Each structure stands twice: as structure tokens, then as C-alpha cells.
Amino acid sequence: MQDNPFDLSGRVAIVTGAARGIGLSTATVLAQAGAVVVLTDLASEAFDRVESGLGKQGLSFEFAVLDVADQQAVDLLVADVARRHGRLDIMVNNAAVIDDSTPLTVTEAELDRVHAVNFKGVVFGSQAAARVMVAAGSGSIINVTSGVVDVATPTVTGYSTSKAAAAQYSRGLAMEVAASGVRVNTIAPGWTDTPMNERHVLREDGTIDAERKAAYVAMRAASAPMGIAGDPIDQAHAVLYLASDAARFVTGMVLRANGGATMPW
Ligand SMILES: NC(=O)c1ccc[n+]([C@@H]2O[C@H](COP(=O)([O-])OP(=O)(O)OC[C@H]3O[C@@H](n4cnc5c(N)ncnc54)[C@H](O)[C@@H]3O)[C@@H](O)[C@H]2O)c1
């Protein structure tokens, strides 16, 4: 084994939904560990904000526009990255959307919208990556689910059911490819301060109400036994572990960086 099992030099990674939040932090941490990282997201404009930050750090990265719900596009992107770089070592299926619907009122349209990204997007990304990795005899797939897979969450029904499906899919895939040297794990983040959660603190004109946001973050922090809210870097470090040789004996697991929110798991 290498001296530093967290060193990703020479590795190639793809992160979906990487223009902001947990995806951006994860892509940055993987690149800081030495990987060449392909950041993908829905629109190229989203990357304008982050390009100079990554560039200043001298990191190796590329951007690609990708809708993870489009299977053909996912297949093409993954195959292209593997062909150009000669390998694909790490696939982080992070992109997701959320709803605010209840079990009794969730509509078919809402289920379709959310599951297309959060569940099918994970399946498409995992399959495309596994095709390359199984042939190579190594690789790490990390699917981002959520703490909602462990607890009843009747306020985000499309989201929680899509995440539970993604978690179960990941276990099955982990079993199917285990003997080929490919590892498949999920992270189930606790509440993390990202743009996804700012929908609760917006003014009518769409801008963030800083006072309401501070109160909301404090409320979410208090709901975890450790009394702190998550930062995207907490999830990025969990992904780094699973992506690296430090986790070479770890597959089929759900890693819960969540301040103890879903103990006793
Ligand atoms: N923030 C939290 O509290 C929290 C908790 C548990 C799990 N998570 C999970 O962590 C991951 C990242 O969440 P976040 O909070 O950073 O969210 P975010 O909304 O801040 O970022 C999500 C990114 O995904 C992109 N995206 C959305 N649909 C896409 C699609 N079809 N194709 C490609 N990209 C798409 C968005 O453009 C955005 O850049 C998600 O899987 C989310 O479910 C977040």
C-alpha cells in the first residue's frame, strides 16, 4: 500500500452536481488530494463562479455540462472521460433535487421529477462508471443519499423515497461487483448548510433573508446531538475516505457524517 493511502495522485474522478454545495466541496477535496476531477452540472454558467477559485489552487480539473437524468448523456460523458484519460477511478453521484411534499399529497409529476434525478441519475452514473471500472478491475463509486434514509421524513416524500431507493440500489450493486475489485458505498449526510436548504429562508423576491437563515441553521444544528450544523467539507472528507485506498476493504456501507443525528446506527 502507498505511504499515504489518501493520496489520489494519478486518479481520475467524476463528480455530478459539482457547481455548488457538497458536490463542489467534494470535487475540490478530491483534486487537492491529487486527482484529476471532472466537475459536471446542468449549466456551464454555474461553473463561471467556481473556475477561478479552483484555478488559483493549481488543481487539475475540467468542467462538463451533464443532466444526470439523461442516460445517453451520462454514458457518453463517462466513456469520453475514461477514453481521454485512459481510466476512471472515482465516480461520485451527488446531483439531486428536492421536493416539499407529503405522503398523502405527493403527485406523480413530483415523484417523476425527483426520482429521475435522485434515483435514476444514480443508477445511470453507477452503471456507466461500473462498466469502465469492472473492466479495469478497480474503482470506487460513491452515491450521495441522505440522513432521510434512516428516519421518517413526511415533509420531503419524493426526496426521501428516491434516496432510500438509491441507497438500496447501491448495496445491490456493491454485492454484484465486489469480486471485480470495484467498491460501491454511499454517504448519508446530516443537515448541511448548502444552497439546497436556502429555499426555507427566501424572501418573496428570491433573495436570502440572513436573519431567518441564521435562526434556521441554529435550529437545525440544535437538532443533532453534537449541536452543530454540517458544512459541505464534512461530506467531502467522507467521500475522500471512501474514494481512497484507506477504504480498500470497505464496500456496501452507508457512511453517516451527521453529528450523531441518526444514532444508534
Ligand atoms: N444539504 C443537505 O443538508 C443534504 C443532506 C443530505 C443529503 N444531501 C445530498 O447531498 C447532495 C448535494 O446536496 P447540496 O445540498 O449540495 O445541494 P445543492 O442543491 O446545493 O446542489 C446540488 C447540485 O446538483 C445540481 N443538479 C440538480 N439536478 C441536476 C441534474 N439533473 N443533473 C446534474 N446536476 C443537477 C444542481 O444544479 C446543483 O449544482 C445531494 O445528493 C443531496 O441530496 C444534502
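The values are calculated or read from the model by the stated rules, or taken from the named source; none is laboratory data. All of these numbers come straight from a predicted model, not from anything done at the bench. Quick reminder, even Gly has a Cβ in these numbers, built from the backbone with ideal geometry, and neighbours come from all protein chains shown. When the accessible area is computed, the model is the full protein with side chains, heavy atoms only, and any ligands, DNA or RNA have been set aside. Shrake-Rupley method; radii C 1.70, N 1.55, O 1.52, S 1.80 Å.
Name every residue in region 226-251 that is in contact with a Gly (Cβ under 6 Å, 6 or more places away or on another chain) and open to solvent by 50 Å² or more (accessible area, probe 1.4 Å), in order of residue number. Outline the logic, then answer.
Going residue by residue through region 226-251, those that are in contact with a Gly (Cβ under 6 Å, 6 or more places away or on another chain) are 226, 228, 230, 232.
Selection gives M226, I228.
Just to be sure, is I208 farther than 26 Å from E108 by Cα and under 19 Å from the mean Cα position of the chain (by Cα)? Spell out the reasoning first.
Working: farther than 26 Å from E108 by Cα: yes; under 19 Å from the mean Cα position of the chain (by Cα): no.
In short, no.
Within region 1-26, which residues are more than 10 Å from the ligand (Cβ to nearest atom) and either open to solvent by 60 Å² or more (accessible area, probe 1.4 Å) or in a helix (DSSP H, G or I) (or both)?
Within region 1-26, M1, Q2, D3, N4, F6, S9 qualify.
Hey, could you check region 183-205 for residues that are more than 20 Å from E110 (Cβ to Cβ) and free of Cβ contacts under 8 Å to residues at least 12 places away in the same chain and say which is surrounded by the most Cβ atoms within 10 Å (Cβ to Cβ)?
Per the stated criteria, the residue is R203.
On the basis of being in contact with a helix residue (DSSP H, G or I) (Cβ under 7 Å, 6 or more places away or on another chain), within 11 Å of the ligand (Cβ to nearest atom) and not hydrophobic (A, V, I, L, M, F, W, C), does Y159 make the cut?
On the way: in contact with a helix residue (DSSP H, G or I) (Cβ under 7 Å, 6 or more places away or on another chain): yes; within 11 Å of the ligand (Cβ to nearest atom): yes; not hydrophobic (A, V, I, L, M, F, W, C): yes.
Yes.
Can you tell me which of S180, S223, S160, S138 is open to solvent by 10 Å² or more (accessible area, probe 1.4 Å), modelled with pLDDT under 95 and of a type in the set (S, T, Y)? It would help to see each step written out before you state the result.
Numbers: S180 fails: modelled with pLDDT under 95; S160 fails: modelled with pLDDT under 95; S138 fails: modelled with pLDDT under 95.
Selected residue: S223, the only one of S180, S223, S160, S138 that is open to solvent by 10 Å² or more (accessible area, probe 1.4 Å), modelled with pLDDT under 95 and of a type in the set (S, T, Y).
Restricting attention to region 88-121, which residues are touching a residue at least 12 places away in the same chain (Cβ under 8 Å) and assigned to a helix (DSSP H, G or I)?
Across region 88-121, the qualifying residues are E110, L111, R113, V114, H115, A116, V117, N118, K120, G121.
What is the number of the single condition among (1) within 11 Å of the ligand (Cβ to nearest atom); (2) open to solvent by 10 Å² or more (accessible area, probe 1.4 Å); (3) modelled with pLDDT of 95 or more that V92 does not meet?
(2) is the only condition that V92 fails.
Only one of V74, V29, V37 is surrounded by 20 or more Cβ atoms within 10 Å (Cβ to Cβ), assigned to a strand (DSSP E or B) and within 16 Å of the ligand (Cβ to nearest atom); which?
Only one candidate passes the filter, namely V37.
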